Amino acid sequence: MKLFICSFTLLSSILFSYSHSQEMGALTDERDGQSYKTVTIDGKTWLAENLKFKAEGSVSYKKDEKNDAKYGRYYTYEAALKSCPTGWELPTEEQYQALSDKFGGNYDSGKKLKSTSDWYWTTNGDNSSGFNIVPAGKIYKNNDSGQGETATFWVAGEAPEGKGLIRTISSRDGNTYKAYKFKNESFTKANGKMTIRCIKK
């Protein structure tokens, strides 16, 4: 009986800790009335969906705004820096790194950060983080690129001249070793539009 009570207490403690390190919520953007799921992880509140705000310098997948609900919009780097709702901002590399470290580090965190569906080659994640990265791809030189295969986010911070920081996950070719790597890279600003997440200030 004592063993059962101790085991129950330990399990309750683990569940309590998990529920308090990740808490789901909601946000309504007062600018356009769009609603979003949010997730708070270790005290930091993130959008759990890609931003859908129709800003100058942003476009829809296949130029069809009906796709915004699933993928969000795709932003130039300059638009990304100023498109988050009031009180929110484009996350920095340090903030993305802390998120990645929380769920296993850059080589493995994709398993817990990726959505449970829509990734090619059966490389879905389990979304146990609640962050729910969908394979929205990017817009490369005005062409849709990588939908179903990759996800790429603009990141705030200093980068080589003419480039912007990004975070990306790729499932291309079904290479499961690479499919869950959450890579930090840079990308030529003039060549692409990316999806973005926002983090509460």
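Just so it is clear, none of the values below were taken in a lab; they were calculated from the coordinates. Just so we're clear, the structure is a prediction, and the values are computed from it rather than from any experiment. Glycine gets a Cβ as well: all are built from the backbone with ideal geometry, and neighbour counts include every protein chain shown.
Some points to look at:
- Among the trypsin sites (Lys or Arg not before Pro) within segment 71-142, those in coil by DSSP and having at most 12 neighbouring Cβ atoms inside 10 Å are LYS82, LYS141.
- Checking (i) 10.9; (ii) 11.6; (iii) 12.5 against mean projected area of the Cα convex hull in nm² calculated from these atoms, the matching label is (iii).
- Count Lys and Arg as plus one, Asp and Glu as minus one, and take only other residues whose Cβ is under 9 Å from that of PHE103; the net charge is then +1.
- Segment LYS183-LYS141, length gained on full extension (0.36 nm per residue, minus Cα span): 13.0 nm
- Within the listed set LEU81, LEU113, LEU47, the Gaussian network model of the chain (springs between alpha-carbon atoms below 10 Å) gives the highest mean-square fluctuation for LEU81.
- Relative to the longest principal axis of the Cα atoms of the chain, the long axis of helix 93-102 lies at roughly 30 degrees.
- Among the chymotrypsin sites (Phe, Trp or Tyr not before Pro) in segment 133-201, those placed in a DSSP loop whose Cβ has at most 12 other Cβ atoms within 10 Å are TYR177.
- Cα shape, segment 74-143, gyration tensor, a/c 1.5 rule: oblate
- Taking 0.36 nm per residue of separation and subtracting the Cα-Cα distance, full extension of the segment from GLU56 to GLU161 would add 35.5 nm.
- Neighbourhood charge, 13 Å Cβ-Cβ cut-off, centred on LYS63 and excluding it, Lys, Arg +1 and Asp, Glu -1: +1
- Label-point separation in nm, THR92 to ASP126, each point 7 Å along Cα→Cβ: 3.2
- Listed by chain and number, the lysines placed with their C-alpha closer than 21 angstrom to that of LYS70 are LYS37, LYS52, LYS54, LYS62, LYS111, LYS112, LYS114, LYS138, LYS193; residues fewer than eight positions away on the same chain are left out.
- Summarising the strand pairing of the chain, around 90 percent of its internal DSSP beta bridges are antiparallel.
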